[in-house]
Amino acid sequence: MTFKSKVLTLSLLTIFLVAAFTVLSSENNPFDLNRMYEYRPGYSYEIDQAVNQAQTLYAQKKALKEDLTNGPCLTNDLMTGWVVDLVHNPRQPIDNNEQYQCQAYREGRATHFVELDLNGEVVRVK
C-alpha cells in the first residue's frame, strides 16, 4: 500500500468516524430507541389531532372530578384505531396492570395510543 493510499484511507476513516459521532451524539439521533415514541408536534397531522383530542378528553374527565389516580384507560375509541391511556410518569407497576390498560389496544382493535400522565401531559404516542 502506497503512502498516498494510506493517507486517503486514514482520511476517509476519520471523516466517517466524525460523521458517525456527530449523528449519534446529536439530539436527533435516529437510532435512539428511548425517543422513538416521543411526541413531536407538527410531525404528523393525525398524531397532532389525536393528542389534541386526548388532552381535551382528559380535561373533560378532570372537570367531572373523575378518579384518574390509577391511570385508567380514558377511551377505547378516541379516533379510528386510537386509544388514550393514563400512566404515571415515571411509570409505575400499576401502569402494566391490564385492568387499567385500554382493552381495544390489548385486543388489537386499536393500533395506536396516546399516553398522558396524570397531569394530562403527553408521555408517549405510538
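With T80, T69 as the choices, which residue is exposed (fewer than 11 other Cβ atoms within 10 Å of the Cβ), closer than 23 Å to N97 by Cα and not hydrophobic (A, V, I, L, M, F, W, C)? Every option except T69 fails the conditions. For Y58, the requirement of being at pLDDT 80 or above, closer than 22 Å to N89 by Cβ and part of a helix (DSSP H, G or I) is met. Filtered by the rule that a residue be aliphatic (A, V, I, L, M) and either out of contact with any strand residue (DSSP E or B) (no Cβ under 9 Å at 6 or more places or on another chain) or over 15 Å from E121 (Cβ atoms) (or both), the range 75-90 gives L78, M79, V83.
Listed here are the residues, each with its yes/no results for (1) modelled with pLDDT under 80; (2) in a helix (DSSP H, G or I); (3) more than 17 Å from D117 (Cβ to Cβ); (4) not small (G, A, S).
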| site | (1), (2), (3), (4) |
| --- | --- |
| T9 | no, yes, yes, yes |
| F21 | yes, yes, yes, yes |
| F31 | yes, no, yes, yes |
| Y37 | yes, no, no, yes |
| D48 | no, yes, yes, yes |
| V51 | no, yes, no, yes |
| K62 | no, yes, no, yes |
| V83 | no, no, no, yes |
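Among the residues of the range 95-126, those that are over 18 Å from the mean Cα position of the chain (by Cα) and more than 21 Å from K65 (Cα to Cα) comprise N97, E98, Q103, A104, E107, G108, R109.
Does E27 satisfy the criteria of being at pLDDT below 80, assigned to a loop (DSSP other than H, G, I, E, B) and surrounded by 12 or more Cβ atoms within 10 Å (Cβ to Cβ)? Spelling it out, it is not the case that E27 is at pLDDT below 80, assigned to a loop (DSSP other than H, G, I, E, B) and surrounded by 12 or more Cβ atoms within 10 Å (Cβ to Cβ).
Consider the range 91-110 and keep the residues that are under 22 Å from V122 (Cβ atoms) and modelled with pLDDT of 90 or more. The one that is surrounded by the most Cβ atoms within 10 Å (Cβ to Cβ) is C102.
The values are calculated or read from the model by the stated rules, or taken from the named source; none is laboratory data. Everything quoted here is computed from the prediction, not taken from an experiment. With ideal geometry, Cβ positions are generated from the backbone for all residues, glycine too; neighbour counts draw on all protein chains shown.
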